Amino acid sequence: MLGRRSSKFRYVPLVGLLGVTLAASLVPGVAGADQSISTDVPEWAQDTGESTPDAMTTQAALPSKYDLRDDGLVTPVKQQGPFQSCWSFGGTAACESSLLSAAGTTYAETVAKGNPLNLSERHLVWYSLTPVSAADDPAQAGEGTQLKSEDINAPFDNGGNSIMMTSLYAQGVGPLPEAAFPYRGKDARTTLDDFDEDPDAATRAQLEKEAAAAGKTYEAYLHELAEARHLTDDEAFARYKELLRSQTAETMTYSSKDDWRVPEVDGMGRSTRLLTAGYVLKSGNFLPDYWVGGAINTDAQRAMKQELLNGRGIMLTYHAPGMTEKGTTDKTFANTTDDGGVMFSQYVYDDNQPPNHGVCIVGYDDNYPATNFAETAPGNGAWIVKNSWGSETDCEPDELGNVVSRKAYGAKENGKATGYFYLSYYDKTISGQETVEFSTNLAGEGTFQTMQYDYMNLQAFKKVGGTEDVTSSANVFKADENIVVRSASTMTGEENMRVTLAVYLLDDGATNPTDGTLVARASNNFEYSGFHRIDLDNPIDVKAGQRVAVVSTASKVSTDGKRVYEASASSATKETDTNVTTAVVNKGESFIYTGGAWKDWKDYLAAENDANTSIDNFSIKLYATPGEPDPVDEGQNVYRLYNPYTGEHFYTTSAEERDHLASVGWNDEDLGWVSPKESDEPVYRLYNPYAGDHHYTTSALERDELVKVGWLDEGIGWYSGGDTPVYRQYNPNATVGTHNFTTSKFENDELVKAGWSEEGIAWMSM
């Protein structure tokens with residue numbers, strides 16, 4: 001079945017929480033279908049001959065030094081403790097710098113306005129490592145990464161990379177303000193609270209740890225401490241406990257013993273996964289590999305510098321060695337520390353060391369001396385790194401009054417550790433550089449929908465094609481309601497790709513994603529692999545029930561001058577020792593054009609039968625805002641009147657009848673409700689000639705029984721239909737006006753309190 005449904009995401013922006021507004025559309029221009037210049041490829045893959053302008057401004061010569069801090073484009077250093085969630089802090093820091101730059105503001109200006117820019121790492125970590133739920137997308141439920149650990153806080157200690165952040169934010173999810181989901185557990189328990197719960201046990205545990213490191217027993221180690229200070233063992237223990245508490249208070253973080261899970265819904269009943277502050281990912285750029293063939297890739301180095309000059313922080317991974325009080329523990333690590341043992345520069349010259357830490361690059365200095373590293377680097381130059389291990393210069397109380405980011409780490413400024421360090425250009429462990437860009441144009445509509453089928457974290461690319469034969473990928477969606485398509489996106493698995501995106505409104509009975517009308521097409525060059533979203537100059541109206549397809553055709557010129565085509569989808573290892581990664585691919589969602597024909601992606605993957613790899617749908621998305629509702633016929637007014645003498649309420653669709661009754665003493669109570677002019681459920685009107693009472697019912701059986709006992713059938717009064725219930729109450733103490741009908745739940749409840757019997761919903765109104 002082609003285009004079963006759309007994933008109907010509704011994101012309610014947390015309006016006003018950050019106060020940073022970006023340009024409405026950073027990349028204008030989607031060329032129309034009539035601008036095609038190529039005719040030797042299928043219609044959907046034909047190049048428009050134009051590129052949408054890129055926000056990057058290439059410079060002929062790069063300055064020898066630049067630091068985002070000098071332009072106020074960096075937020076304060078944070079502390080990732082008590083978890084191994086460095087990747088989310090490095091990524092979030094890059095997001096914050098990118099947002100400040102795109103908004104043309106500084107961090108200081110956001111502080112002055114009383115709304116400091118600060119994004120939530122907790123929300124990012126939780127939903128990057130929590131599968132999508134049935135409540136959020138029933139057809140894709142279970143897709144994503146499921147950790148095997150039973151620890152409720154396992155996602156925060158699992159580790160990760162910046163691509164996980166891009167995978168999540170591309171879904172239209174987040175980023176959210178720190179205030180929405182602060183980096184702490186629900187009880188705001190701190191490590192000082194942990195210590196104070198049992199100070200003696202905490203002190204003994206620390207002493208035992210130090211004793212083991214010294215190769216001694218606890219008793220012998222404590223006794224040596226006591227003798228060195230001319231104290232008894234008990235006195236030494238008490239003094240050490242006092243010192244340890246002071247140190248714990250000084251470097252306090254929030255406690256891992258708390259519950260850090262993000263609740264599924266917020267206080268307004270909204271899915272917390274689907275919330276956003278209005279920033280929608282526009283590009284996630286995977287920069288070129290830093291090391292190629294054992295040498296620094298100068299293209300990668302230049303790209304990093306250019307992205308910094310474009311105002312974007314760079315997420316990056318490297319190997320952070322273990323530290324001792326005086327320096328490093330391994331000769332392959334050439335870190336330099338100050339006299340207090342605080343590391344402020346690193347150069348690792350052993351390329352066998354795997355990356356184990358994520359940070360944010362905020363600047364560079366070509367002239368940073370090679371001799372500043374414990375082992376002289378091959379040349380001058382270093383990246384300026386914002387870490388997530390705390391700071392003395394940036395630490396300040398949070399809204400609860402707790403200081404949880406203080407730590408004497410990093411290069412010093414006026415005698416205080418800043419939390420920053422210098423990473424040699426020649427460090428052999430540098431990898432995984434990525435930058436991001438956001439826009440807020442969709443948020444201006446108040447709510448938007450992301451139509452998509454891919455929620456799995458990207459680990460690698462499943463590639464199809466790589467030849468001169470046209471290869472295209474497509475996703476087909478079905479609008480659940482009237483929408484306005486405003487953006488389309490895709491993902492490329494190679495650098496320097498030329499991409500054409502084509503949007504089709506499909507015909508009834510279409511079996512392929514191009515069986516319909518081509519309504520938009522754009523071609524663009526993408527220097528980097530990664531995620532790319534293009535805003536449409538002319539939004540597309542799509543009616544409820546209409547199927548719409550997005551076709552992505554990516555190509556590049558090979559070294560022999562030939563144009564080759566390639567489609568890419570996210571893939572990941574299905575199961576490891578720590579997690580299970582699941583892709584949910586259903587028929588009718590994604591399609592691949594290869595060998596001159598369209599194939600359903602699910603069938604294509606089934607034929608390959610890769611048992612060890614999860615391969616997702618194509619990362620092709622549509623972003624839409626609500627459309628105008630279809631015009632509906634005006635309903636039928638039902639007027640309500642009251643007889644003050646008999647106590648009867650009367651209901652009629654006739655304005656003449658209403659006016660006549662009002663002229664003879666009935667009270668005109670205006671409009672009772674609006675009914676549809678016609679529906680499959682009529683409301684019958686009956687009259688009791690003996691009591692002078694009227695009755696109304698949708699039940700033909702009730703109507704017929706009343707006629708049998710003498711009531712007059714006055715035909716159909718109006719029709720039932722709509723979203724608003726009309727409640728029915730019965731007065732057991734009355735003989736006339738025994739029933740009342742109202743759309744007011746308050747009136748219903750008040751009559752019930754006064755002794756009327758509640759008889760539920762009589763019918764529906766508009």
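Computed from the coordinates by the stated procedures, all read-outs in this text should not be read as laboratory data. As the structure is a prediction and not an experimental result, all values here were calculated from the model. Cβ sites come from the backbone with ideal geometry, for glycine too, and all protein chains shown count toward neighbours.
Helix-only estimate, please: 222 nm mean residue ellipticity of the chain, summing -39500 (n - 2.57) across DSSP H runs of length 4 or more and dividing by its residues, to the nearest 500.
The helix-only estimate for the chain comes to -5500 deg cm²/dmol at 222 nm.
Could you give the length gained by full extension between Asn667 and Glu413, i.e. 0.36 nm per residue of separation minus their alpha carbon distance, to one decimal place?
Values: separation 254, 0.36 × 254 = 91.44 nm, distance 8.14 nm.
In short, 83.3 nm is gained.
Need the list of aspartates and glutamates near Lys602 for cross-linking: C-alpha distance under 16 angstrom, and skip anything on the same chain fewer than eight residues off.
Glu143, Asp454, Glu589, Asp610, Asp616
Just name one of Leu661, Ser675, Tyr687: the one whose Cα is farthest towards the positive end of the charge dipole of region 644-691 (beta-carbon charges, Lys/Arg +1, Asp/Glu -1).
Looking along the dipole axis, the top candidate is Tyr687.
Would you work out the charge dipole size for region 118-267 about its Cα centre, treating the Cβ of every Lys and Arg as +1 and the Cβ of every Asp and Glu as -1, and quote it to the nearest 20 debye? Intermediate results must be reported in sequence, preceding the final value.
Working: 14 positive and 29 negative charges, 77 e Å.
The calculated dipole for region 118-267 is roughly 380 debye.
Given the chain, what whole percent of its Cα pairs are spread farther than 53 Å? Don't skip to the answer; put the middle values down first.
Details: 85355 of 292995 pairs.
The proportion of pairs with Cα distances above 53 Å equals 29 percent.
Near Lys412, which lysines are there with a Cα under 23 Å away, not counting those fewer than 8 places off in the same chain?
Here the lysines satisfying the reach criterion relative to Lys412 are Lys65, Lys78, Lys326, Lys386.
Let me check I've understood the local charge: for Pro76, count other residues with C-beta under 15 angstrom from its C-beta, Lys and Arg +1, Asp and Glu -1. What total comes out?
My count for the surroundings of Pro76 gives -4.
Of the options Thr613, Tyr642, Trp598, report the single residue whose Cα projects farthest towards the positive end of the charge dipole of region 593-646 (beta-carbon charges: Lys, Arg +1; Asp, Glu -1).
Result: Tyr642, furthest along the dipole toward the positive end.
Under a point-charge model restricted to the Cβ atoms of Lys and Arg (+1) and Asp and Glu (-1), what is the dipole moment magnitude of region 522-609 relative to its Cα centre, in debye to the nearest 20? Can you show the working numbers first?
On the way: 10 positive and 12 negative charges, 54 e Å.
Computed charge dipole of region 522-609: roughly 260 debye.
Cross-link list Lys209/Lys241; Lys463/Lys556; Lys543/Lys677: which exceed 20 angstrom alpha carbon to alpha carbon?
Numbers: Lys209/Lys241 14 Å; Lys463/Lys556 14 Å; Lys543/Lys677 24 Å.
Where the Cα-Cα span goes over 20 Å, the pairs concerned are Lys543/Lys677.
GluC sites (Glu not before Pro) within region 656-694: which are DSSP loop residues with at most 13 other Cβ atoms inside 10 Å? Don't skip to the answer; put the middle values down first.
Details: sites: Glu656, Glu657, Glu669, Glu678; in loops: Glu678.
Those that pass, being in a loop and sparsely packed, are Glu678.
Mind checking the dipole of the chain: about its Cα centre, +1 per Lys or Arg Cβ, -1 per Asp or Glu Cβ, Debye to the nearest 20? List each step's numbers first, then the result.
Working: 62 positive and 112 negative charges, 278 e Å.
Here the chain has a charge dipole of around 1340 debye.
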